[in-house]
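These notes are about the structure you will find just below.
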Amino acid sequence: MVRGNHEKNPENIPSYIESTFLDGSVLIEPEYPNLIFAKDGEVYSFDVDEKQKRAIVIGGAYSVDKYYRLSKGYKWFEDEQPSDEVKATVEKKLSQMNWKVDYVLTHTAPIRYEPREWFLSMIDQSTVDNSTEIWLDEIFQKLQFEKWYCGHYHGEKTIDKITFMFNGFKVLGE
């Protein structure tokens, strides 16, 4: 799983332990060993069409309903977006890889691909922190990749090499 918003970053939950999966570090809660969280900035290796492919993971996003959640006493997690430390880790990893990876797996999308047609009309967009999307756009401009997969926006479509996913799933490379 790639972490999203509306949840605490599993790296900050003491019950999660680190393990290795697909040549990268992951987080697992021993009570639920089949739920595997990919770590931000980790690169995972996949066999796709008999070729070794690499995917970097970048989780997190801003909750556009933050103020509603807070007013109702619902949970909101301050660490839902990538921290400066996570951003530095991701950029360092991509630099080591000469800014080339096969796949990008994120929760949200680069700002240039924000699907504004899916925005909730009752949300004042001036209150939305889109710093993660702006940062992902900076990565997008530098990065060489085959496909980028993301969710967050509650819809499904593909634009250029970016695929938005909500209810479905895809086989890497298709």
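The values are calculated or read from the model by the stated rules, or taken from the named source; none is laboratory data. Keep in mind the model is a prediction, meaning the values are calculated, not measured. Glycine gets a Cβ as well: all are built from the backbone with ideal geometry, and neighbour counts include every protein chain shown.
In region 105-122, what count of residues is obtained for those that are in a helix (DSSP H, G or I), surrounded by fewer than 17 Cβ atoms within 10 Å (Cβ to Cβ) and touching a residue at least 24 places away in the same chain (Cβ under 8 Å)? Break it down into steps so the answer makes sense when it comes.
Initial filter on region 105-122 (in a helix (DSSP H, G or I)): 111-113, 116-118.
The next check asks that each one be surrounded by fewer than 17 Cβ atoms within 10 Å (Cβ to Cβ); those that pass are 111-112, 116-118.
Subset that is touching a residue at least 24 places away in the same chain (Cβ under 8 Å): 111-112, 118.
Residues flagged as in a helix (DSSP H, G or I), surrounded by fewer than 17 Cβ atoms within 10 Å (Cβ to Cβ) and touching a residue at least 24 places away in the same chain (Cβ under 8 Å) within region 105-122 amount to 3.
Candidates are the residues of region 160-174 that are modelled with pLDDT of 90 or more and surrounded by 12 or more Cβ atoms within 10 Å (Cβ to Cβ); the one that is nearest to residue 116 (Cα to Cα) is 164. Scanning region 33-62 for residues that are among the hydroxyl-bearing types (Ser, Thr, Tyr) and under 15 Å from residue 106 (Cα atoms) yields a total of 2. Here residue 88 meets the list (1) in contact with a Cys (Cβ under 9 Å, 6 or more places away or on another chain); (2) under 25 Å from residue 8 (Cβ atoms); (3) aliphatic (A, V, I, L, M) almost entirely, failing just condition (1).
Within region 141-168, which residues are under 14 Å from residue 107 (Cα atoms) and without any contact (Cβ under 8 Å) to a residue 24 or more places away in the chain? Scanning region 141-168 gives 156, 163, 165, 166, 167. Residues that are over 28 Å from residue 92 (Cα atoms) and either at pLDDT 95 or above or in contact with a strand residue (DSSP E or B) (Cβ under 7 Å, 6 or more places away or on another chain) (or both) within region 118-157 comprise 155, 156, 157, listed in sequence order.
I'd like to check which strands (runs of 3 or more DSSP E) are fully inside region 29-89 and have at least 3 residues that are surrounded by 18 or more Cβ atoms within 10 Å (Cβ to Cβ) and at pLDDT 95 or above.
Numbers: elements: 32-38, 43-48, 51-58.
Ranges flagged: 51-58.
Look at region 1-21 and say how many of its residues are assigned to a loop (DSSP other than H, G, I, E, B), out of contact with any Leu (no Cβ under 7 Å at 6 or more places or on another chain) and within 12 Å of residue 39 (Cα to Cα). Full working, then the answer.
Step one: filter region 1-21 for residues assigned to a loop (DSSP other than H, G, I, E, B), giving 1-9, 13-16.
When the remaining residues are screened for being out of contact with any Leu (no Cβ under 7 Å at 6 or more places or on another chain), the result is 3-9, 13-15.
Keeping just the survivors that are within 12 Å of residue 39 (Cα to Cα) gives 3-4, 9.
Adding up the residues that qualify gives 3.
Taken as a whole, the condition of being surrounded by 12 or more Cβ atoms within 10 Å (Cβ to Cβ), part of a loop (DSSP other than H, G, I, E, B), in contact with a Gly (Cβ under 9 Å, 6 or more places away or on another chain) and not aliphatic (A, V, I, L, M) does not apply to residue 132. Would region 20-38 turn up any residue that is charged (D, E, K, R) and closer than 23 Å to residue 169 by Cα? Within region 20-38 (the criterion being charged (D, E, K, R) and closer than 23 Å to residue 169 by Cα), the answer is yes, since at least one residue qualifies.
For residues in region 19-46 being within 23 Å of residue 61 (Cβ to Cβ) and acidic (Asp, Glu), which is nearest to the chain's Cα centre (by Cα)? Filtering region 19-46 for residues that are within 23 Å of residue 61 (Cβ to Cβ) and acidic (Asp, Glu), the one nearest to the chain's Cα centre (by Cα) comes out as 40.
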